[in-house]
1. Can you name the condition, by its number, that D224 falls short on among (1) farther than 24 Å from I187 by Cβ; (2) surrounded by fewer than 19 Cβ atoms within 10 Å (Cβ to Cβ); (3) acidic (D, E)?
2. State the number of residues belonging to the stretch 277-312 that are closer than 20 Å to D258 by Cα and in contact with a helix residue (DSSP H, G or I) (Cβ under 8 Å, 6 or more places away or on another chain).
3. So is I94 at pLDDT 50 or above, in contact with a Lys or Arg (Cβ under 6 Å, 6 or more places away or on another chain) and outside any loop (DSSP other than H, G, I, E, B) or not?
4. From the set of residues in the stretch 270-279 that are buried (at least 19 other Cβ atoms within 10 Å of the Cβ) and in contact with an Asp or Glu (Cβ under 9 Å, 6 or more places away or on another chain), which is nearest to V248 (Cα to Cα)?
5. Name, by its number, the condition in (1) part of a strand (DSSP E or B); (2) farther than 20 Å from G70 by Cβ; (3) not aliphatic (A, V, I, L, M) that does not hold for P112.
6. What residue, among those in the stretch 146-179 that are of a type in the set (G, A, S) and buried (at least 23 other Cβ atoms within 10 Å of the Cβ), is nearest to F131 (Cα to Cα)?
7. Return yes when G313 is surrounded by 15 or more Cβ atoms within 10 Å (Cβ to Cβ), out of contact with any Asp or Glu (no Cβ under 9 Å at 6 or more places or on another chain), at positive phi and assigned by TED's automatic domain parsing to the domain that holds N43 and no when it is not.
8. Would you mind listing the strands (runs of 3 or more DSSP E) fully within the stretch 250-342 where at least 3 residues are of a type in the set (G, A, S) and touching a strand residue (DSSP E or B) at 6+ places or on another chain (Cβ under 9 Å)?
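The values are calculated or read from the model by the stated rules, or taken from the named source; none is laboratory data. Just so you know, these numbers come straight off a predicted model, no measurement behind them. Note: ideal-geometry Cβ built from the backbone for every residue, glycine included; neighbour counts use all protein chains shown.
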Amino acid sequence: MALIISIVSLFMLSNCDAVDAIKGTDEPDDLQKIQTLHPVLLNGKWGYITNNGEMSVAPQFDEAKDFKGGFAAVRKDTEWGYISETDGSLTIPIQFSVAGDFSNGLALAQLPNQLYGFIDSTGNFAIEAQFEFAGSFNENLAAVRSDGLWGYVSTDGNVAINLEFSQAKAFSNGYAAVDTFEGWVYIDNTGAVAINTGFQVADAGNFAQGLAPLQTNDGWGYIDENGIPVINPKFTQAGSFSEGLAWVMDDEYFGYIDQSGETVIPYQFAEVKAFNEDFAAVRISRDWYYIHAETGTIAFNQPFDAAESFRNGIARVRIGDDENARYGYINTEGEYIWYPTR
C-alpha cells in the first residue's frame, strides 16, 4: 500500500481507478438489482429512499433507523414503533421506549417504565419483558441480564446458557466472549468453554474471518479459533476483521492490518470505521473521507463532516455540525444520489 504522507498527497492519490464492482458480484450494476430503503431527513422529518435515490416512505418521523430483518425502528416524540420494508407501512405501532433491531425474527424492546423483552413481527412480546438489559439475537441466541448476571436465551424464550457471567457479548462465528471469575473466555452455543487462551485477558472482541481481537497487559492482539495468538498484542485499540482487514491504533493514530499482522494502510487517521463493500470511512483532522481497500488511498476528493459505512452501494454522509446537519447519500463513484437535506 502506498504511504499517504499528507492531505495533499491523499488528494493526488485519489485519482486512482476505482474498482468497478463490489466484492462477490459479477457486474457493477448488481447492486441496483437489490432495492433497499435508507433513512433520509427532509424538512426536519425522517423518511426513506431507495438505493436509487427515489423517495419510498414520506418524511414523517422524528428519528429513523436502518432496516434490519425486514423492519426499521422509527420514533415519534419519545416513543418507537416499526415500519415494514415490504411496503413502508407502520406495521408495529409506536409505543416503545426502546426499540432494537430485528434479528432471527425478534427485536429487543421495552415499554415505558418496564423491563426488557423481545417482540415478534406482530409487535407482541414473544419473550416476556423480564430482563434488566439484553442484546440483540445473533446466531439464534441473545445475551440477557438479570440480578446483575448475564447469560443467553434462545428464540423460544428458554434460558439456553445460564446467567452466570459478569459480561457477555454477542455470538459470532459460533463463539461468544464472556467474562468469568478467571477472566475472559469464549464459549460455544452450549455454554461450554470452547477457547481459553491460558493467559490473562482484560477484554475480548468478536470472532470474524477466523480471528478475534483481545486485550492483554501488553495491548491488543489477535487469536485464532484454537486460542493461539497469531498477531502479537501491541496495539492501543483493535477492531474485528472485515474484508480481510482490521483497523488498529498505535499510540495516536489508526491504520489497517491484514490477517498476517502486516500494516497495509499506515497509521495516519484520527478515527476510522471497518471496511464494508470495499470502502472504509476515515477521519483526517476534522474531515471524513472514504478510502478503498485495494489501494488504501482516498477514493473521493470531497470531505464530509461525518460519514457512515456503505450499504448496498450507497453511504450516508453529513454536511454541517449537529445543529445545522444536512444528510445525503453518495454512491461508489462518490456522486450524490441524494443531495444533503435537513
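1. (1)
2. Total satisfying the criteria: 3.
3. Numbers: at pLDDT 50 or above: yes; in contact with a Lys or Arg (Cβ under 6 Å, 6 or more places away or on another chain): yes; outside any loop (DSSP other than H, G, I, E, B): yes.
Yes.
4. Taking the candidates together, the pick is K273.
5. Status for P112: all satisfied but (1).
6. Within the stretch 146-179, the subset of a type in the set (G, A, S) is 146, 148, 151, 154, 157, 160, 166, 168, 170, 172, 174, 176-177.
Filter once more, keeping what is buried (at least 23 other Cβ atoms within 10 Å of the Cβ): 168, 176-177.
Numbers: A168: 14, A176: 19, A177: 20 Å.
For the stretch 146-179, the residue satisfying everything is A168.
7. No, not satisfied.
8. none
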